[in-house]
Amino acid sequence: MRKLTRNVLTAGAATVVALGVTSTPAWAATWTVSGGTSITGTNTTSLIAKDTATGATVNCSKSTASGTAVNGTGLSGTGLASLNSVAFSTPTNPNGWCSGPAGIVVQVTATGLPWKFNGTSYSAGVTTGTLTGVKATIHGSDECDATITGPSGGPGTISGTYTNSTGVLSVSGGNLRVATVDADCDPTLINAGDPITLSGKYKISPILTVTSP
């Protein structure tokens, strides 16, 4: 009986070890980044923010960003790059503000910085991930002031992809919401709680090479 019990326990332990070894790759993927630690980004398409509840859009023809990238191997996917400053404008408009609906021009200010790019999956030279920490404030020529955050007022998240061959970071979608509006805001254009999407593309310089097994 003792021998049988000892054999069962030994087999059970071996099974646990085997299961532990085979289950780790699901979360143990690592990343490699090279190409430079100080980065800048310049938009290649207009940056468009859309209130999907009202259909109102804000179009910024120019956007620049600067930040840092973590170069190395064996990296986690979290914080592969950080954007420490992000600016939005339309130089041909009064004050250089972005173009809003109904002839309104809008000053868009990035807050919650740094915004971090995180890798979640990799295939054929393209990293799919998220841009986190996103918040912004807007001030319109109609005196409307509003804040944009994630759900419940926390930092927001935008989906993104980075392509090694072109050095282009594309952003789209996300879980952004209008957190607050003041009494000057037109309710046919923007309201607290409205979902906001942000879409556009940035060319990153120097071009980074990001890979993951």
Segment 121-213: Kirkwood hydrodynamic radius (Cα pairs, Å) comes out at 14.7 Å
Between I39 and residues 5 or more places away or on another chain, which pairs have amide H atoms under 5 Å apart, with H built 1.01 Å from N, and which residues are they?
-> G67, T68, A69
Per residue of segment 105-121, in order, report the coupling 6.51 cos²θ - 1.76 cosθ + 1.60 (Karplus, θ = phi - 60°) as ³J(HN,Hα) in whole Hz, putting x for Gly and Pro.
-> 9, 10, 8, 10, 10, 6, 10, x, 5, x, 8, 10, 9, 10, x, 10, 7
Sequence order, segment 152-167: Karplus ³J(HN,Hα) from phi using 6.51 cos²θ - 1.76 cosθ + 1.60, θ = phi - 60°, Hz rounded, Gly and Pro as x, gives 6, x, x, x, x, 10, 10, 6, x, 9, 10, 10, 4, 5, 10, x
Built amide H within the under 5 Å cut-off of A179, gap 5+ = T147, I148, T149, G193
Residue-normalised 222 nm signal for the chain, counting each DSSP H run of n ≥ 4 as -39,500 (n - 2.57), nearest 500 deg cm²/dmol, is -3500 deg cm²/dmol
Give the angle, between 0 and 90 degrees and rounded to the nearest 10, that separates the Cα long axis of helix 2-23 from the longest principal axis of the Cα atoms of the chain.
-> 30 degrees
With a 1.4 angstrom probe the carbon and sulfur portion of accessible area for the chain, in percent, totals 60 percent
Expressed as a fraction of 2.2 N^0.38 Å, the rule-of-thumb size for a compact globular protein of N residues, what is the C-alpha radius of gyration of segment 76-145?
-> 1.45
Counting only protein heavy atoms and leaving out ligands, DNA and RNA, the solvent-accessible surface of C144 at a 1.4 Å probe, in Å² to the nearest 10, equals 10 Å²
A53's amide H: which non-local residues (gap 5+, or another chain) put their own amide H closer than 5 Å, with H modeled 1.01 Å from N in plane and none for Pro or chain starts?
-> none
Once the principal axes of the Cα atoms of segment 38-157 are found, what is the range along each, listed largest first in whole angstroms?
-> 50, 32, 24
When the dipole is taken about the Cα centre of the chain, and only Lys, Arg (+1) and Asp, Glu (-1) are charged at their Cβ, what size is it in debye, to the nearest 20?
-> 1440 debye
When the chain is treated as a Gaussian network with springs between alpha carbons less than 10 Å apart, the largest mean-square fluctuation among P187, P151, P195 is found at P187
Hey, how many Å between the Cα centroid of segment 98-161 and the Cα centroid of segment 162-213?
-> 4 Å
Among G140, T180, T197, the residue whose Cα sits farthest towards the positive end of the charge dipole of segment 95-197 (+1 at Cβ of Lys and Arg, -1 at Cβ of Asp and Glu, taken about the Cα centre) is T197
The chain accessible area per residue, 1.4 Å probe, protein heavy atoms, integer Å², reads 50 Å²
Selected from S89, N71, I48, residue furthest toward positive end of dipole (segment 33-153; charges at beta carbon) | N71
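The values are calculated or read from the model by the stated rules, or taken from the named source; none is laboratory data. This one's a predicted model, so the numbers in the text were calculated from it and none came from an experiment. Using ideal geometry, Cβ is built from the backbone for each residue, glycine included, and neighbour counts are taken over all protein chains shown. The accessibility values were calculated without ligands, DNA or RNA, using every heavy atom of the protein model including side chains. Shrake-Rupley method; radii C 1.70, N 1.55, O 1.52, S 1.80 Å.
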